[in-house]
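*Asks:* Let me give you the structure first, and then I'll get to my questions.
Just so you know, all these numbers are worked out from the coordinates, no wet-lab data involved. All values reported here derive from a predicted model rather than from experimental measurement. FYI the Cβ positions are ideal-geometry reconstructions off the backbone, even for glycines, and counts take in every protein chain you see.
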């Protein structure tokens, strides 16, 4: 399975996250999965790619051309396939097209935006791919509380909770994406409008 992992591009984070995501990448590869990611060498993107490559699995990186031209982000040098896009939007679209599942590891603004985009697209019936949040060190507890508040106040329908899975256990994350089944709900069940 091609799993798209969204996560931090910065090395200026606690080493425990980098170590855990590198271990997660190796676990993905041992279970027969490939990585689709934003092609970054640093942070959790690079950690996941290093983990995958340590077991010899395939890595597909997708990055906008201007990242290379303007030296915005170092590119992971061991990508088996490196795809350049014109824009950030086309980068996300390409990763979304290539992926069969999404795993969100800790990250910043870009990671939050990627999570909410794939979640929104699933709510709108544009895909049925599994989405899992790997809640390392309780990083996403506040996000879960935020979403719970939105459910309770009626801003998001309760059934939208079925669109993704959150766990701090790497094996549970992979079991979820490997065994995800359709939730049997339509866009009209999941969204007012």
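*Asks:* If each residue's Cβ is checked for other Cβ atoms within 10 Å, how do 127, 33 rank with the fewest at the top?
*Replies:* The order, fewest Cβ neighbours first, is 127, 33.
*Asks:* When the Kirkwood hydrodynamic radius is evaluated over all pairs of different C-alpha atoms of the chain, what value in angstrom, to one decimal, is obtained?
*Replies:* 16.8 Å
*Asks:* Now, a different point. Anyone know which of 38, 154, 56 comes out most mobile in the 10 Å Cα GNM of the chain?
*Replies:* In this elastic network of the chain, the residue with the biggest mean-square fluctuation among 38, 154, 56 is 154.
*Asks:* Which shape class applies to region 1-83: rounded if a/c is under 1.5, otherwise prolate when a/b exceeds b/c and oblate if not, where a ≥ b ≥ c are the square roots of the Cα gyration tensor eigenvalues?
*Replies:* Oblate is the answer for region 1-83, as a/c is 1.5 or above yet b/c matches or exceeds a/b.
*Asks:* What percent antiparallel are the DSSP beta bridges of the chain, to the nearest 5?
*Replies:* Here the antiparallel bridges make up roughly 5 percent for the chain.
*Asks:* What relative contact order, as a whole-number percentage, does the chain give when Cα pairs under 8 Å and 6 or more residues apart are counted?
*Replies:* Reported as a whole number, the value is 20 percent.
*Asks:* Quick one: among 15, 69, 172, which has the greatest mean-square fluctuation in a GNM of the chain with alpha-carbon springs under 10 angstrom?
*Replies:* 69
*Asks:* What is the diffusion coefficient of region 149-193 in µm²/s, taking the Kirkwood radius over Cα pairs and the Stokes-Einstein relation at 20 °C with a viscosity of 1.002 mPa s?
*Replies:* The estimated diffusion coefficient comes to 177 µm²/s.
*Asks:* How would 163, 35, 44 line up from fewest to most surrounding beta-carbon atoms within 10 angstrom?
*Replies:* 163, 35, 44
*Asks:* Right, here's the next one. Over all pairs of distinct alpha carbons, what does the Kirkwood formula give as the hydrodynamic radius of region 64-156, in Å?
*Replies:* Computed over Cα pairs of region 64-156, the Kirkwood hydrodynamic radius comes out at 15.2 Å.
*Asks:* While we're on this one: For 21, 59, what's the fewest-to-most ordering of other Cβ within 10 Å of each Cβ?
*Replies:* The most exposed by this proxy come first: 59, 21.
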